[in-house]
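Accompanying notes for the structure given below.
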Amino acid sequence: MINPALAIPFAAGLLFGAGLLGMEALVRATDPPDAQIATSTLVLDRNGRLLRPFTVADGRWRLPVTPAEVDPKLVAMLLAFEDRRFFGHPGVDPVALLRAGTQLVANGRIVSGGSTLTMQLVRLLGGGPTRSLPGKLRQGLAALALERRLDKRAILTAYLNLAPYGGNIEGVRAASLAWLGKEPSRLTPAEAALLVALPQAPNARRPDLSPEAARRARDRVLAVARHRGIIDATEEAAARRELVPGARRLFPMLAAHAAERAVRARPDRGVHRLTFDADLQGRLEALAAERAAALGPKVSVAILVADHRDGQVRASVGSAGLLDEPREGFIDMTRALRSPGSTLKPLIYGLAFEAGIAHPESLIEDRPSGFSGYAPANFDRVFHGTVTVRRALELSLNVPAVQVLEAVGPARLVSRMRRAGAAPVLPDLSPPGLAIGLGGIGVRLADLVAIYAAIARGGRPVALTEDLEASTPRLASRVLDEPAAWYLTSILAGAPAPANSSPGELAFKTGTSYGYRDAWALGFDGRHVVGVWVGRPDGASVPGLAGIDGAAPILIDAFARLGTRAPLPPSPPGVLVTSSSRLPPPLRRVQGKTTGTEAGGPQIAFPPDGARVELGLSGAADASLTLKVRNGTPPFAWYANGAPIGREPQARSTRWQPDGRGFATIAVVDARGQSNRVTVFLE
């Protein structure tokens, strides 16, 4: 028989146990809300800095963040102000509920809420109305159930990502960028307190609409933070004097075109890492906008920068401003097909150097000429008579370039462009003609940057890449041989420099398309290659717009924003540095048109007869000499000092490793038994 003195406690215990069992059953029967939160897709630079975020499907800014990426002061203030026993309760805080209920009974109104962060998260996840008693009970049960599924860190992370901050801004990171213009990793006490206060009444306390309400709410958080020892009285006083931001800031939109391209290519990724540098990107976007504004209301500017050592793009400015409608800023002009003007001339001459039909000091005629009905004229309508190839390229003369292109062949030019990774487009899919040498072909700024990157690399191509996490495809076939590429570098480094530059620091080339529609400048140093386009995206003419005046100064300024310039490469073995008069006779004047197989006998194109060729034989055990032949009928057999050194079935070049310094006699015999020989001095 139960002692009457124990009956009441015993009954109370039974009721309490039954209540616990009932509560356990209710919690087990409650499905917690789905805590999978969709967050904004982010595009980051090579160092993890934000280039451009995108809204989630319903148009809200909700940038992903973890507690470790938030200033510890903010987390401490949040817990002190909203949920002091967060890490000790199971989702519902009985002490807070008892305090809130007592205050409600005593005052006849709500003085403080009893909701925990977990209960607030349930509401944010779509837990239904919570102002009524049944709603509060459902919220409490859902919070208890949610804490059985997620740990405390996951719940805190979810709250930091979902807390409302007015309008379409959700989450601490989006709010920090929108209201403070900075990431939430380092905040002042005033900034941290503001971000704690806003979610309680996000629209009523919006700093841009109700700055006084925002300030009062912030100061209440500061008072609690001082009371809890998070900040001291001096810090509180200083924080109260800090102004509340009065306007919402724009989210970062660096490299807007490239970011959109990356997201479109891989929509499954939540975070995209690009090869870009955010600081450089920002500086070049400002440069493009500044120069476009000075050039005209509908003129745009595009800039592309790559590290030609690995092909990684460091900055890509597609227009003078994405939202600039008069300039059609939504068009990415780094990828738009345009006429390249004279920018392909270096590659034309490079092919001639490689084929042994020209040397930078070879003489060529710049006179009125016709090529099967095609009669090019120079940009200034002036002809210069007999000039060196070096001078012809420095002055960007048209007739010599077309003459050389006729000799090397337009098809070969297009083929080498493709080797560099370019994707040229011919008009109406017609076969390439001589007009492509002066701009009669469609290319993109990215194509030209790839071509000039190959020249900068000694003729070795490199694939341009913007995705930091993607493997770079390997381009195996050479665009030019190394001596030919160096000849081009030496010429382009000596080209007349624009007013804001000193000669010799960069190798660069400008170009202007027919009708003043496109102005180009391409240049490189020992590390970077930069391409600039200026014009109207709609293809309309811009009278007076030329590469040397419109694009080249932007190119020079872009290199200035890159910082210290890397020196251009030294001359490689096998180059011939001499004057026009001292060239071997076959190279003193540019040779005429060549074809793959000709009826005439073979001629050794390189090395020329009587040449002194620097191979560095005194210190290099594996120095080799490239031998080239023109004319004749393949296959070719090669001999050095009477000994066979190779037989090439179709190729018109081979490599030979000499035994040492001194004179050497090199001979070649073609399939018809015709031969040619030269004597050179190797050192």
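In region 502-517, the qualifying residues are those that are touching a Phe, Trp or Tyr at 6+ places or on another chain (Cβ under 7 Å) and of a type outside the set (Ser, Thr, Tyr), and the one that is surrounded by the fewest Cβ atoms within 10 Å (Cβ to Cβ) is Leu506.
If you filter region 283-301 down to residues that are of a type in the set (Gly, Ala, Ser), in contact (Cβ under 8 Å) with a residue 24 or more places away in the chain and surrounded by fewer than 18 Cβ atoms within 10 Å (Cβ to Cβ), you find that the one that is farthest from Ala38 (Cα to Cα) is Gly296. Among the criteria (1) small (Gly, Ala, Ser); (2) touching a Ser or Thr at 6+ places or on another chain (Cβ under 7 Å); (3) not assigned by TED's automatic domain parsing to the domain that holds Asp71, the one Gly282 does not fulfil is (2). Per this entry, Gly181 is not counted among residues that are of a type outside the set (Lys, Arg), modelled with pLDDT of 90 or more, at positive phi and in contact with a helix residue (DSSP H, G or I) (Cβ under 6 Å, 6 or more places away or on another chain). The number of residues in region 618-660 being of a type in the set (A, V, I, L, M), within 18 Å of Glu482 (Cα to Cα) and at pLDDT below 85 comes to 3. Among the residues making up region 200-227, a single one is touching a residue at least 40 places away in the same chain (Cβ under 8 Å) and closer than 18 Å to Leu162 by Cα: Arg206. The C-beta contact set for region 411-432 (first residue on the phi < 0 side of the Ramachandran plot and surrounded by 14 or more Cβ atoms within 10 Å (Cβ to Cβ), second residue polar (S, T, N, Q) and in a loop (DSSP other than H, G, I, E, B), distance under 8 angstrom, 6+ apart or interchain) comprises Arg419/Ser477. Quick one: Ala499 ticks every box in (1) crowded, with 18+ Cβ neighbours inside 10 Å; (2) under 26 Å from Lys298 (Cβ atoms); (3) without any contact (Cβ under 8 Å) to a residue 60 or more places away in the chain bar one, so which box is it? So the condition that Ala499 fails would be (1). Number of residues in region 647-673 that are surrounded by fewer than 16 Cβ atoms within 10 Å (Cβ to Cβ), small (Gly, Ala, Ser) and not in a loop (DSSP other than H, G, I, E, B) equals 1. Out of region 337-371, which residues are surrounded by fewer than 20 Cβ atoms within 10 Å (Cβ to Cβ), in contact with a Gly (Cβ under 9 Å, 6 or more places away or on another chain) and part of a loop (DSSP other than H, G, I, E, B)? Result: Leu337, Arg367.
Checking every residue in region 517-526 against the condition of being within 22 Å of Leu405 (Cβ to Cβ), out of contact with any Ser or Thr (no Cβ under 9 Å at 6 or more places or on another chain) and either at pLDDT 95 or above or aliphatic (A, V, I, L, M) (or both) gives zero matches.
If you filter region 74-118 down to residues that are of a type in the set (Gly, Ala, Ser) and more than 48 Å from the chain's Cα centre (by Cα), you find that the one that is modelled with the highest pLDDT is Gly114. Considering only residues that are within 16 Å of Gly59 (Cα to Cα) and touching a residue at least 40 places away in the same chain (Cβ under 8 Å), look in region 174-185 and name the one that is surrounded by the most Cβ atoms within 10 Å (Cβ to Cβ). For region 174-185, the residue satisfying everything is Ala174.
Taking region 222-303 as the region of interest, the helices (runs of 4 or more DSSP H) fully inside it that hold 1 or more residues being of a type in the set (S, T, N, Q) and touching a strand residue (DSSP E or B) at 6+ places or on another chain (Cβ under 7 Å) are 278-295. Among all residues of region 153-173, there is none that is touching a strand residue (DSSP E or B) at 6+ places or on another chain (Cβ under 8 Å), surrounded by 15 or more Cβ atoms within 10 Å (Cβ to Cβ), aromatic (Phe, Trp, Tyr) and more than 15 Å from Asp71 (Cβ to Cβ). Contact map, region 151-168: first residue in the same structural domain as Leu125 (by TED's automatic domain parsing) and more than 19 Å from Phe87 (Cα to Cα), second residue surrounded by fewer than 16 Cβ atoms within 10 Å (Cβ to Cβ) and of a type in the set (S, T, N, Q), Cβ cut-off under 6 Å, separation 6 or more or different chains; pairs are Gly166/Asn203. Could you please find all residues in region 429-488 being among the acidic types (Asp, Glu), in contact with a Ser or Thr (Cβ under 9 Å, 6 or more places away or on another chain) and in a loop (DSSP other than H, G, I, E, B)? Selection gives Glu466, Asp481. Which members of region 490-519 meet the condition of being within 16 Å of Leu397 (Cα to Cα) and either in a loop (DSSP other than H, G, I, E, B) or not charged (D, E, K, R) (or both)? The answer is Ile491, Leu492, Gly494, Ala495, Pro496, Phe508, Thr510, Gly511, Thr512, Ser513, Tyr514.
Scanning region 314-328 for residues that are assigned to a strand (DSSP E or B) and either modelled with pLDDT under 95 or surrounded by fewer than 24 Cβ atoms within 10 Å (Cβ to Cβ) (or both) yields a single hit, Arg314.
The residue that is modelled with the lowest pLDDT, counting only those in region 564-617 that are among the polar types (S, T, N, Q) and crowded, with 19+ Cβ neighbours inside 10 Å, is Thr594. Pairs are defined by a Cβ separation below 8 Å, a sequence spacing of at least 6 or placement on different chains, a first member in region 582-608 that is closer than 20 Å to Val404 by Cβ and of a type in the set (Lys, Arg), and a second member that is part of a loop (DSSP other than H, G, I, E, B) and modelled with pLDDT of 80 or more; the pairs so defined are Arg588/Ser362; Arg589/Ser362.
The values are calculated or read from the model by the stated rules, or taken from the named source; none is laboratory data. Note that the structure is a prediction, hence the values are computed from the model and not measured. Cβ sites come from the backbone with ideal geometry, for glycine too, and all protein chains shown count toward neighbours.
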